[in-house]
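The values are calculated or read from the model by the stated rules, or taken from the named source; none is laboratory data. Worth saying up front: this structure is predicted, and the values here are computed from it rather than measured. Note that we place each Cβ from the backbone using ideal geometry, even for glycine, and neighbour counts take in every protein chain shown. In case anyone asks, the SASA skips ligands and DNA or RNA and just uses the protein heavy atoms, side chains included. Shrake-Rupley method; radii C 1.70, N 1.55, O 1.52, S 1.80 Å.
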Amino acid sequence: MSNPYLLLTPGPLSTTATVKEAMQKDWCTWDHEYKTIVEQIRQQLLEVGCASKEHYTTVFMQGSGTFGVEATLGSVMPSDGKLLVLINGAYGRRMEEIAKVLRIPHLSMEFDANMPVDPHAVERKLIEDASITHVAMVHCETTTGILNPLEAVMDVIKRNHRKAIIDAMSSFGGIPIAVEELQIDFIISSANKCIQGVPGFSFILCRRDELKKCKGRARSLSLDLYDQWETMEQDSGKWRFTSPTHVVHAFKQALKELAEEGGVEARHERYRMNQQIVVEGMTQAGFKAYLPRELQSPLITTFLYPTHIPFTFEHFYTFLKSAGFVIYPGKLTDIHVFRIGNMGDVHPKDMDRLNAHILRYVGESQYAN
Ligand SMILES: *Cc1c(COP(=O)(O)O)cnc(C)c1O
């Protein structure tokens, strides 16, 4: 059973055959063997994030990444707290929407989609508004592929004694993040992004002392981070409600393969190579990237619709799909773009093949013109 195409998207991503094979058995959720696996994975994720067991703990949450973000915001924010949401794309905007729906007191700072979050502006806001208790930011805004300056923003947040909630959905495992050194209080990612598992749950690395304050704060029963954690701790690896057992096994295998590849640094290097090859090939074919190189993450790239050939996204998409690659539409309202992701079980040789097809497409389009 081979896949009809490679996923060059923001997730879910192409996974290895061995990750998919790990899902071929049915498991009992309260059995000792299964819970041991859960406990191992919780520990391994701390290692991926360079966080000690003494100060940090991992909590799982069923559902896609957004469930993890909603669980975190809804369980962490005290009723008398105030959240500052930093926005430069759709995922920052989603955190603002969650705060609205959950009636969490919040305010937002917006930056242009092609501008990284500005740490100086954040600092001015924190000094000006003493009522802000927590700051939420997306690390890699998958909307465009822009990488926000996590170190500099964390420095500002900590210097001003606030708590940090980081959506590192599309970067955790693909870009080294020193969670403990940066003193990130809560950092969220999900099974189907850079760890290269399949969709089904999200995970949150939490500072233990901060998580302990969250008892009884949650605005939802099922999305209660503290309660989930308490059950996992007390019953060594048990989830409160039905856990995605097959997904957990796939994830265990994915973590093993991350280690075999050489860890986050090696994976980061492969993604960086992939991205570089795509950008070089696309440039050669006459396409332009939306972001300047220095703002670009090594995970996904946004390209402008070309003007040198007749172009519709649907036609280009269909051509590439029949060649074995699925790309992604854009998510900007004011400008026509599309995206090519390079995370997952995709390798430089795949990117070379993609480039050859794109060159052929452009050549044929020009001829047709
Ligand atoms: C993928 C992603 C999410 C979560 O999206 P889901 O569709 O809920 O999995 C959140 N934030 C960012 C930055 C993402 O890339």
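Solvent-accessible surface (1.4 Å probe) assigned to Thr36 amounts to roughly 50 Å². Across the protein chains, with a 1.4 Å probe defining accessible surface, the residues Asp129, Asp112 rank Asp112, Asp129 from largest area downward. Once both labels are positioned 7 Å from their Cα atoms along Cα-to-Cβ, the gap between Ala323 and Thr29 label points is 4.5 nm. Between Arg159 and Glu54, the contour length at 0.36 nm per residue exceeds the Cα-Cα span by 35.5 nm. Considering the dipole of region 1-115 built from charges on the beta carbon (Lys and Arg +1, Asp and Glu -1) around the Cα centre, which of Met115, Asn3, Ile41 is farthest to its positive end? Positive-end residue among those listed: Met115. The C-alpha atoms of the chain define a longest principal axis, and helix 263-284 lies at about 30 degrees to it. Take every DSSP beta bridge whose two residues both sit in the chain; close to 55 percent of them are antiparallel. With the full set of protein chains in place, find how many percent of the accessible area of the chain is carbon and sulfur; take the probe as 1.4 Å. Percent of accessible area from carbon and sulfur atoms in the chain: 53. Counting charges near Ala152 (Lys, Arg +1; Asp, Glu -1) among other residues having Cβ under 15 Å from its Cβ returns a value of -1. Going by accessible surface with a 1.4 Å probe and the largest first, Leu211, Leu221 read Leu221, Leu211.
The calculated P(r) of region 257-369, using every Cα pair and 10 Å bins from 0, goes 13, 46, 30, 9, 1 in percent. Once the Cα atoms of helix 90-101 and of the chain are each reduced to a long axis, what angle between those two axes, in degrees from 0 to 90 to the nearest 10, is obtained? Taking the Cα atoms of the chain, the angle to 90-101 is about 40 degrees. Using equal-weight Cα scatterers in the Debye expression, the normalised intensity of the chain in log10 at q = 0.06, 0.10, 0.12 Å⁻¹ is -0.23, -0.63, -0.89. Taking every C-alpha pair closer than 8 Å and separated by at least 6 residues, the mean separation divided by the residue count of region 17-260 gives a relative contact order of 30 percent. Solvent exposure of Met115, expressed as accessible area, is near 100 Å², computed with a probe of 1.4 Å over the protein chains only. Among the listed pairs Lys53/Lys349; Lys163/Lys193; Lys288/Lys349; Lys125/Lys212; Lys20/Lys349, those whose Cα-Cα separation exceeds 31 Å are Lys53/Lys349. Asp345 contributes about 40 Å² of solvent-accessible surface, heavy atoms of the protein only, 1.4 Å probe.
Compute the long axis of helix 119-128 from its Cα atoms, compare it with the longest principal axis of the Cα atoms of the chain, and write down the angle in degrees, 0 to 90, nearest 10. So the helix axis and the longest Cα principal axis differ by about 30 degrees.
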